[in-house]
Amino acid sequence: MTTIRFIREGIDIKCKPGENLREIVIKEKLQLYGLKGILGNCGGVGQCSTCFVSVEGGNKNSLSPLTEVEEDKLKNRPENWRLACQTIINSSAIILTKPQSPPSNLKDLKESAENKKLPR
Ligand code: FES
């Protein structure tokens, strides 16, 4: 088992390596989408660009490499952004959902998430 720490929600979710990040978020009933994605998303096939997350911790191999879809859809976005539907978990990571609308206390949330040991 591995752990995904969701810093906006303040929770750790256990999952298995090989699981899809979007599916984990949906299974745990966390909010992945902003308004545009709530009103209409592609269902996880990499076409709508509404399932953004940012990777705030872990190691460089914690998640699968960028897919070709992400290379295209994320080319004008920060380097640590991913499309959750295209992302496979390899090992523990720290994730921010909806990085396009960061919480006002993001710095504090990040510090708190980084200060707790992340299980492997
Ligand atoms: S759900 Fe549409 S791009 Fe990820």
### Task
Pop out the carbon and sulfur fraction of the accessible area of the chain as a percent, whole number, probe 1.4 Å.
50 percent
### Query
For segment 4-31 and segment 47-120, what is the separation of their Cα centres, given in Å?
11 Å
#### Entry: 5 angstrom amide H check on residue 8, placed H, neighbours 5+ away
97
### Task
Convert each backbone phi in segment 81-87 into a coupling constant with the Karplus relation 6.51 cos²θ - 1.76 cosθ + 1.60 (shift: θ = phi - 60°), then list the ³J(HN,Hα) values in order as whole Hz, x for Gly and Pro.
8, 9, 9, 4, 5, 9, 10
### Query
Hey, in the GNM for the chain with a 10 angstrom Cα cutoff, which one of 20, 90, 59 fluctuates hardest?
59
### Angle in degrees between helix 106-115 and the longest Cα principal axis of the chain, rounded to the nearest 10
50 degrees
### In Å, descending, principal axis extents of the Cα set of segment 1-53
32, 23, 15
### Vicinal HN-Hα couplings computed from phi for segment 49-66 (Karplus, 6.51 cos²θ - 1.76 cosθ + 1.60; Hz; Gly/Pro x)
6, 10, 9, 4, 9, 10, 9, 9, x, x, 10, 5, 10, 4, 10, 4, x, 4
### Query
Any idea which of 102, 51, 66 is furthest toward the positive side of the dipole for the chain, if Lys and Arg beta-carbons carry +1 and Asp and Glu beta-carbons -1?
102
### Task
Using a 1.4 angstrom probe, figure out how much accessible area the chain has per residue, in square angstrom, rounded to the nearest whole.
57 Å²
### Task
Please work out the FRET efficiency for the pair residue 112 and residue 27, using the Cβ-Cβ distance as r and a Förster radius of 35 Å; give the result to the nearest 0.05.
0.90
### Message
Loop-only trypsin sites (Lys or Arg not before Pro) in segment 1-61, please: DSSP not H, G, I, E or B, and at most 12 other Cβ atoms within 10 Å.
### Response
29, 60
### Message
Suppose each label sits 7 Å from its Cα in the direction of the beta carbon; what would the residue 68-residue 45 distance come out to in nanometres?
### Response
1.6 nm
### Task
Place the peptides 100-111, 45-56 in order of packing, highest mean first, counting for every residue the other Cβ atoms within 10 Å and averaging per peptide.
45-56, 100-111
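The values are calculated or read from the model by the stated rules, or taken from the named source; none is laboratory data. All values derive from a computational prediction rather than experimental measurement. Cβ sites come from the backbone with ideal geometry, for glycine too, and all protein chains shown count toward neighbours. The protein model used for the area step is the full one, side chains on, heavy atoms only, and it has no ligands, DNA or RNA in it. Shrake-Rupley method; radii C 1.70, N 1.55, O 1.52, S 1.80 Å.
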